[in-house]
Amino acid sequence: MAEEVKQVPVNFKVTIDNITIEVAPGTTILTAAREIGGDVTPPAMCFYSKLQGSGGKCRTCLVEVAAGSTADPRPMPKLVASCRTTVMDGMIVKNITSDKVKDARAGVVEFLLLNHPLDCPICDQAGECHLQDLGYEHGKEGTRYEFPRRTFEKEDIGPYIQLHMTRCILCYRCTYVADQLTDKRVHGILDRGEHAEISTYISKAIDNEFSGNMIDVCPVGALTDKTFRFKNRVWFTKPVDAHRNCENPKCCGKTTLWLRGEEVFRVTARKDQWGEVQSFEGKPGWICNTCRFDKKETKDWTIEGPTLINRHSVIAQGHYVGVIKPKETLQEVMGGREPLLLMDIHNVSEVNKPNIDLSKIQGPAHSNDFN
């Protein structure tokens, strides 16, 4: 009698922080956690779903696998990178419910901040910096590092992008953008270990038509927009969704304009809830340098409306969409009467005489003064 062939399930069941979902085979733990959303999702500084080969560099997405699968329920001996580990049927994963993960993530954040300068007050990335958010959520109050920080000489890599190598955490995202979006790449990682840096070879300038997307994928302030440099803070600007019919067939033409009044301070690609470029019609919404740097007037765009931003973000202050104003209940308590607190209480209540000026009374006011 022939042996019974075990059929592989169409979807795998995986449990993350006591929440069970079904995902397709080959899905990573991080992608599965993003389907759940909220605090269950591990942070990621190097992984970028729109860039092939990204992930596995920063180790901020470490999770604990308490059970490998239904067939082999043994736990994995060490914490694993959720962006590079695929799920198995019956896998049990701990993220925020694991003390090991919290301790390891605090250590990773401390490591990332060893050489990172504390220049948030002058950094254009402040307010939308993933490392800043990571530090607030998982960082420690102090540092044990007592040695000089790593610094780099200033280098000009083009007319539109400012490189601050001392802020770089070597996530490699910008190099993947250059590899996968442009015809030629003139920059990459030079040297090794502590001396590793992003740079161009023989001081060549980065001047391809999609180079500005490196600014959008950078999770810190290492690559910033020269046209926006020191002009404003992001939380003082108002982001709105806009589009135009771009002449470049590779450009989606859908962007976010950052306004101050009617002035366009900068143009960026639209971002999703994970800080990645949104997809349109199944393709990443990359934009060209013409849309990003040259179209800086509202007449160049068709404005769709305010950009939806997480209300917990500092950018969203004063820009909430669809906020419901609390109902006024004071009239219901007072039987429908208007409150007298906003009126001249002296004339209405007759407790105080309006012709008596308290500042002219000799000594403290007494009840006899208002007989």
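For Ile169, are the conditions met, namely being of a type in the set (Val, Ile, Thr), touching a helix residue (DSSP H, G or I) at 6+ places or on another chain (Cβ under 9 Å) and at pLDDT below 85? Step through it out loud before you land on a result.
Numbers: of a type in the set (Val, Ile, Thr): yes; touching a helix residue (DSSP H, G or I) at 6+ places or on another chain (Cβ under 9 Å): yes; at pLDDT below 85: no.
Judged against the criteria, Ile169 is not a match.
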Out of curiosity, is Ile21 touching a helix residue (DSSP H, G or I) at 6+ places or on another chain (Cβ under 8 Å), assigned to a strand (DSSP E or B) and open to solvent by 20 Å² or more (accessible area, probe 1.4 Å)? yes
Residue pairs meeting the criteria (Cβ under 7 Å; at least 6 apart or on separate chains; first assigned to a loop (DSSP other than H, G, I, E, B), in region 121-133; second buried (at least 18 other Cβ atoms within 10 Å of the Cβ) and among the β-branched types (Val, Ile, Thr)): Asp124/Thr224; Gln125/Val220; Gln125/Thr224; Gly127/Val234; Gly127/Ile315; Glu128/Val234; Glu128/Ile315; Cys129/Val220
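For region 160-178, check the following and say yes or no: at least one residue is exposed (fewer than 15 other Cβ atoms within 10 Å of the Cβ), under 27 Å from the mean Cα position of the chain (by Cα) and not hydrophobic (A, V, I, L, M, F, W, C). Even if it seems obvious, please write down each step before you answer.
At the first step, the residues of region 160-178 found to be exposed (fewer than 15 other Cβ atoms within 10 Å of the Cβ) are none.
Among the residues of region 160-178, not one is exposed (fewer than 15 other Cβ atoms within 10 Å of the Cβ), under 27 Å from the mean Cα position of the chain (by Cα) and not hydrophobic (A, V, I, L, M, F, W, C), which makes the answer no.
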Out of Ala44, Ala71, Ala66, sole residue that is open to solvent by 10 Å² or more (accessible area, probe 1.4 Å) and under 17 Å from the mean Cα position of the chain (by Cα): Ala44
If a residue must be touching a helix residue (DSSP H, G or I) at 6+ places or on another chain (Cβ under 9 Å), of a type in the set (Asp, Glu) and surrounded by fewer than 10 Cβ atoms within 10 Å (Cβ to Cβ), how many such residues does region 132-154 contain? 1
Residue match in region 158-179 (condition: among the polar types (S, T, N, Q) and assigned to a helix (DSSP H, G or I)): yes
Which pairs have Cβ atoms under 7 Å, sit 6 or more apart or on different chains, and link a residue in region 169-192 that is more than 24 Å from Leu114 (Cβ to Cβ) and among the hydrophobic types (A, V, I, L, M, F, W, C) to one that is open to solvent by 70 Å² or more (accessible area, probe 1.4 Å) and outside any loop (DSSP other than H, G, I, E, B)? Val186/Tyr201
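The values are calculated or read from the model by the stated rules, or taken from the named source; none is laboratory data. The structure presented is a predicted model; accordingly, all values stated were derived computationally and were not measured. We place every Cβ from the backbone using ideal geometry, glycine too, and count neighbours over all the protein chains shown. To get the accessible areas, we keep the full protein, side chains included, count just its heavy atoms, and leave off ligands, DNA and RNA. Shrake-Rupley method; radii C 1.70, N 1.55, O 1.52, S 1.80 Å.
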